[in-house]
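Colleague: Dropping a structure here in structure tokens format, bear with me for questions.
Please treat every number below as a calculation from the coordinates, not as lab data. What you see is a predicted model; the values in this text were computed from it and never measured. Note: ideal-geometry Cβ built from the backbone for every residue, glycine included; neighbour counts use all protein chains shown.
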Amino acid sequence: MTADEIMKAIEEMDNSERIKLLNMLFDNYFDSRPPKEQIIKEKEEIFWGKEDE
């Protein structure tokens with residue numbers, strides 16, 4: 001599939017499907033944040049200290 005074909009398909013989608021696609025693209029290809037579990041663990045360590053301390 002070419003980029004032009006993809007753009008045509010996106011233009012033919014209804015708005016809710018387009019939003020869903022954009023969210024999926026962001027999550028899979030553009031989001032460089034660490035996983036949510038890692039963020040929570042790091043915040044807990046900052047607040048409570050590491051488990052072995």
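Colleague: Hey, what angle do you get for helix 36-48 against the long axis of the chain, alpha-carbon based, 0 to 90 degrees rounded to 10?
Modeller: So the inclination is approximately 20 degrees.
Colleague: Identify the trypsin sites (Lys or Arg not before Pro) of the chain meeting these criteria: DSSP loop state and at most 14 other C-beta atoms within 10 Å of the C-beta. Don't skip to the end; give the middle numbers.
Modeller: On the way: sites: K8, R18, K20, K36, K41, K43, K50; in loops: K50.
Answer in residue order: K50.
Colleague: Using DSSP to define loop residues, name the GluC sites (Glu not before Pro) in the stretch 1-32 whose beta-carbon has at most 10 other beta-carbon atoms within 10 Å.
Modeller: Filter output for the stretch 1-32: empty list.
Colleague: Where does the chain land on Rg/Rh, using Cα atoms and the Kirkwood Rh?
Modeller: 1.34
Colleague: Next question. Once the Cα atoms of helix 3-12 and of the chain are each reduced to a long axis, what angle between those two axes, in degrees from 0 to 90 to the nearest 10, is obtained?
Modeller: Taking Cα atoms only, the helix is inclined about 90 degrees.
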